[in-house]
Structure formats: structure tokens, C-alpha cells
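Below: one structure, written as C-alpha cells.
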Amino acid sequence: MPNKTYKVLKDAKSRALIDDDTYQKWYKQSIKDPEKFWDKHGKRIDWFKPYTKVKNTSFTGKVSIKWFEDGLTNVSYNCIDRHLEKRGDQVAIIWEGDNPYDDKKITYKELYDHVCRLANVMKANGVKKGDRVTIYMPMIPEAAYAMLACTRIGAIHSIVFGGFSPDALAGRITDCKSTFVITADEGLRGGKKIPLKHNTDLAIKIAERDGVVVQKVLVVQRTAGKVEWFADRDIWYHEAVASAKPDCPPAKMKAEDPLFILYTSGSTGKPKGVLHTTGGYLVYASMTHEYVFDYHPGDIYWCTADVGWVTGHSYIVYGPLANGATTLMFEGVPNYPSPSRFWDVIDKHQVNIFYTAPTAIRALMGAGDDHVTKTSRKSLRTLGSVGEPINPEAWIWYYNVVGDKRCPIVDTWWQTETGGILITPLPGATPLKPGSATRPFFGVQPQLVDNDGDVLEGTAEGNLCIVDSWPGQMRTVYGDHERFIQTYFSTYKGKYFTGDGCRRDDDGYYWITGRVDDVINVSGHRMGTAEVESALVSHDAVSEAAVVGYPHDLKGQGIYCYITLMEGQEGTDELRKALVNHVRHEIGPIASPDKIQFSPGLPKTRSGKIMRRILRKIAEDEFGALGDTSTLADPSVVDDLIANRQNKK
Ligand code: WTA
């Protein structure tokens, strides 16, 4: 595809908060004197006690990251209270239900009431500053209330995506020793019910076996479906908040007090509890929300992510609400009741800024243009993409068909660990190239290094590192600082290593090429191949498993599993189905294997290490380019793998 550049649109430029000159000027300042730059921008949020120290960070030794450390603030205060005077009656949250006839609007005043009541309920049930609260919820406003109520009293929330299994939920409850859970009776997506309370009951049993006893479960009634009830543990949300006081003073939090934990997958071991803290995170989330989307007061803003992922944290709840925006929360799925749903919702609520994932764009592109073109979409001004590389075909369709060639696309690259967007266009400043995340945000210094850690200058392709801290950066792995150092700062000493590969072109634009570690990205959901492997080997029939990603038209990457069976087991289609179900049960439907290949052996080196490079090539059906196989203990394994490959093109 030709490497066409799309000039900055005239309209986007004329209304923009940041034009190209400002971008260049601010970027230079932010790198030359980060202290001064962030001293100024840290003030975009309200502080009970202003900070005097701005930046105190080190990527070497024990790795310590502190921003605004002597300031006192509160996140819920910044997301609610400070807006009450000017926009108390403005809508804070538009909720669009799974069913298109189901919606509601919550003003900032109402948000204050909901959050204060819930905070008081939590306090009355023993939740204190620093306690971990697990949130396992559908996309309903109560999920946002729960997050904000935690921040109001200084509790640390840990949201677990509603699509995760009881086992996965239990693992996250035990890891952070969380004894208070907020959930709903059932979730509703695409007309299907998800048994959240039932899953919670099961997870609590598993956690108990592992030594963590959940004391209270607060249950929102969403569907009024039947649930089991444990009277001394379970509390109905609607009953408890009805009798709670409607005011709750915000706790004065230190800038570096923990705000939330969010579990995410890495190349090895169990998911890590990424820890974000209060002040720097909020400054960064709100600033990126404003400038990356060119947010103006009064705009209707919609991010289609789920609050179970970091995008939902930073760009449905914290960034937009800190800016006093109207944020739309969508309970459903893109193709229910029809593939026009996104565009219908945009027209219905007159959405100005729309932020979604490439996987959804590709799926809707496949459904045909008619579903889009029959809607107006005139309100749209800025489009966004996040979660995985966007292929140029999908980008161009998004630009031409959805945006009618009048809306800039911001392809935003970032990670759970980074808290907010790091590489991105700005709508009124950056000429666009389909498939490129373009240029770094203020204060962000990307660097490409080769596998030996040597810095690559100019036009180059390598491993993407960030050389200095930004306020939204994660501070540690919850309960395991050593793992934090090992994972992110030991591969290339003194640098934050992202795990992504990246190319820089002649214009200094960045093109993310995907993960270079054993993490795969399935429909924008991040997954460790090790997690899927460990789920597979926990099945009685499986002796050994190796999992790799392969290019998938809709999902970005699919999950390809190589399996060696126990003696006497037979690799039938029935067993394939059983294994798929087993993984869904252990992790959740998002981890469903796409291809399963049974194999008498796996390609290993003489020291027993599985050569994944070979497995990846075979999964991609590119076995002509296997490279050097001479170090294999048994090279004949490869012939069998090729003969029985499951992904013949
Ligand atoms: C990938 C999601 C290309 C990348 C916010 C990263 C992207 C991982 C983009 C983080 C993008 C995210 N272009 N790749 N615009 N955005 N990624 O933690 O591989 O769920 O490392 O955070 O998604 O996924 P996570």
C-alpha cells in the first residue's frame, strides 16, 4: 500500500487546542526541562495541598518513580466536586444499554450523590484507606460509581473484566488479598446473560481455599435474574445506597498513594498487578484526553472499551470526568441488534469524539458499507483507534466511510503500564499516515534499540523503549517490586522496555509492529501465551503445550496451540472441542484457542528449550523460512509439524 500522507484537515486545524507549532514548541520544552513543563501542567487538577516537588524518578537500581510527591489531592473530588458549581446539571455519563431502548443520563450532581452514598456504604462495611476492592461488573454506571467511590475514601480498586472466568477472578482476588467485592446479578451483552454473581460465588470459594476470605459482596441488580444469596455476606446495592448518607468528604490522598491495580498479562507467569497512583496518573489521563482528542467543553465523547481494561479506566472514567466531559458508557456489542449499532448510537446521542479498537473496525467493515452510510454521523469530529496495530485498509475505511473524510484519526499507542497514551497524532497538528501512531506525546522520549541494546538512530526498526519517566507511568507490580524491575528495566538497563517492536520512518514517525515477547493480542485483548499453555496442561489429556499467535483477519492475532498428549490419548476433534471449552472455563472466552494441532513432539533445543520461532512460522504457514533448525534435538519433529499444520492457506 502506498505510504500516503493525509494533511491536517482545515477544520481540525482551526479549532485545535494544539497546532503543529505549539506541538513542536511544547514537545521541546517538555524534554528539555521536564520539571518546569510538568510543574505547569500538574496544576490542571485541583490540589488540597499544592506540590513543591515535581519529578523524582529513576530507571536504574531499585527503580523509583514519584511525581508531585508532596501534594495532596483526591481523584473523585477532581472528577466530580470541582465541576459542581459550573456544570452540576450537565450530563456526566450517558449510559446506552445493551437494548437500544434502554438508556439514561446522569448529571454531575447526580454522580456526586451516587458516589457519596456508595462510599458511605463501603465505609459502613469496613472498607478503609488502602484496602483492595475488587470490581467485577458489566458496563453500567454503577461500575463508574464503584471506581469513584473507592477513590473517594482512598480504597484501591482492582477491576476484573466481566468476561473472565471464576478461576481468573479468584486469582486476582487472592493476589491482592481483596476482601470486598462489587458485582451484579448478571451482565447483559448482545442479548446474552453473563452470570456474574454466580461466577463471584465460585471465585470466592476458590479464593477461600487459597487463604483469602471475602467478607462482603455488594450486588447490583441489573437483570433481576435468579441468584444464590448468602445473607451474612451478600448485600443488595440498591437497598444499601437508599439508606446511606448523600455526602461523604473526599479523603486527602498523597500524590503517590495507590489508586488502582489492574492485572495484565506478560510473557511469563501469572498476570501482574499493575499499580497506578493518584496524582501523576490523573494529570496524565486528563491531559492526554484533552489534547489527543482535542476535547472542547460540551463535546459528547464515546470510548467503546470496557472498564475492565485500562482504556476504560483512563478514557471512559478518569480522563473525561476530570475534564468535566460528557462520557458515554455502552453496555452492548458492536453488532447487536445490527451492525449499525455504533453509528446509530452516534446519531442518537450526537457523539463528537469516537474511540474504538481495530478489531471492531475490521468486523464492521466486513459487514458492508450500507450499515454505515444509512446513518448520518454528522456530529462526528474526531476518530480514535487503540489496542493493536491498525492495518491501513481498516484505517482508510474508517477515515473514508465512517468519518466521511472529514475526521482526523488518532491512532493511539499505549499500554496498561503507561497509564495513558504515549505515541499519537494530535488532530489539529499531525499529518496522518494510515497504520502509524506517528509522534510522541509531550514528555515522552521513545528510543529504538537492537537486541544487544545498542541505540538505533534515524530511520530504523528495533525494540521500543522509553528513556525517561512520564507522570502516568505504573509505579510497581503490586506486592512484587522485584518483578517490576525484572520485567521492565532489566532487558535494557536504565530504560523502560515496552515489549513492542517498532519502526521509525524518514519523518520520525513511529510504526508499532507488534509484541516481540510471548504476549499475543487477540481482538485487542492482551494475553500471555504462558497463561493459555498453563490452562491447557491442566487438562488430564495434555502432556505438553506450546501456544503462539498467528495473523487473523478479524482478531488481529489468533491463538494457535501445539499439544502433545498423554500416553494412550487420541487427538480427536472431540478432544479439540473439550480443550477449547477447558481453556474458556479456566481463563474466559477471550482465550478460546482458534487452532489446535496435536503433535507427537515439540521442536526443542538439546537443552530442552522450545523453539517458538519455528512454531510461529508453521502457524503462519510460512514454513519455507524456518531458518536454522540444526540446533534441534530431533529435527524430524519439524516434518511432522509441517505435514499436520492446521492453518494451510
Ligand atoms: C498494543 C491497551 C499498535 C501494543 C491500551 C501494546 C498497540 C499493547 C496500539 C498494550 C496501537 C496498543 N498500535 N499496537 N495504537 N495500542 N497496542 O496493556 O502491543 O491492553 O504493548 O493496553 O497493545 O495492551 P494493553
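Remarks
- Filtering region 494-514 to residues that are surrounded by fewer than 19 Cβ atoms within 10 Å (Cβ to Cβ), within 14 Å of the ligand (Cβ to nearest atom) and in contact (Cβ under 8 Å) with a residue 60 or more places away in the chain leaves 513, 514.
- Scanning region 298-313 for residues that are touching a residue at least 40 places away in the same chain (Cβ under 8 Å) and in a loop (DSSP other than H, G, I, E, B) yields a total of 7.
- In this structure, residue 293 does satisfy being crowded, with 20+ Cβ neighbours inside 10 Å and within 16 Å of the ligand (Cβ to nearest atom).
- Every residue from region 80-117 that is of a type in the set (A, V, I, L, M, F, W, C) and assigned to a loop (DSSP other than H, G, I, E, B): 80
- Residues (closer than 18 Å to residue 594 by Cβ, without any contact (Cβ under 8 Å) to a residue 40 or more places away in the chain and of a type in the set (D, E, K, R)) located in region 607-620: 617
- Region 374-395, subset farther than 20 Å from residue 415 by Cβ, of a type outside the set (S, T, N, Q) and within 16 Å of the ligand (Cβ to nearest atom), residue surrounded by the fewest Cβ atoms within 10 Å (Cβ to Cβ): 393
- Checking each residue in region 226-247 for being farther than 19 Å from residue 133 by Cβ and surrounded by 17 or more Cβ atoms within 10 Å (Cβ to Cβ) picks out only 227.
- Flag if residue 498 is polar (S, T, N, Q) and within 30 Å of residue 368 (Cβ to Cβ): no
- In region 401-416, the residue that is farthest from the ligand (Cβ to nearest atom) out of those that are of a type outside the set (A, V, I, L, M) and within 25 Å of residue 514 (Cα to Cα) is 408.
- Boolean, residue 487 is at pLDDT 95 or above, of a type in the set (Ser, Thr, Tyr) and either over 26 Å from residue 17 (Cα atoms) or out of contact with any Gly (no Cβ under 9 Å at 6 or more places or on another chain) (or both): yes
- From the options 540, 594, 517, residue that is closer than 30 Å to residue 198 by Cβ and either modelled with pLDDT under 95 or over 27 Å from the mean Cα position of the chain (by Cα) (or both): 540
- For residue 485, the conditions (1) within 16 Å of the ligand (Cβ to nearest atom); (2) farther than 25 Å from residue 619 by Cβ; (3) among the β-branched types (Val, Ile, Thr) all hold with the exception of (1).
- Every pair of residues 6+ apart whose Cβ atoms lie under 8 Å, when the first sits in region 387-402 and is assigned to a loop (DSSP other than H, G, I, E, B) while the second is away from the ligand (no atom under 16 Å from the Cβ) and modelled with pLDDT of 95 or more: none
- Of the residues in region 5-20, at least one is surrounded by 16 or more Cβ atoms within 10 Å (Cβ to Cβ) and touching a strand residue (DSSP E or B) at 6+ places or on another chain (Cβ under 6 Å).
The values are calculated or read from the model by the stated rules, or taken from the named source; none is laboratory data. These figures come from a predicted structure and were not determined experimentally. Virtual Cβ from ideal backbone geometry, glycine too; neighbours counted across all protein chains shown.
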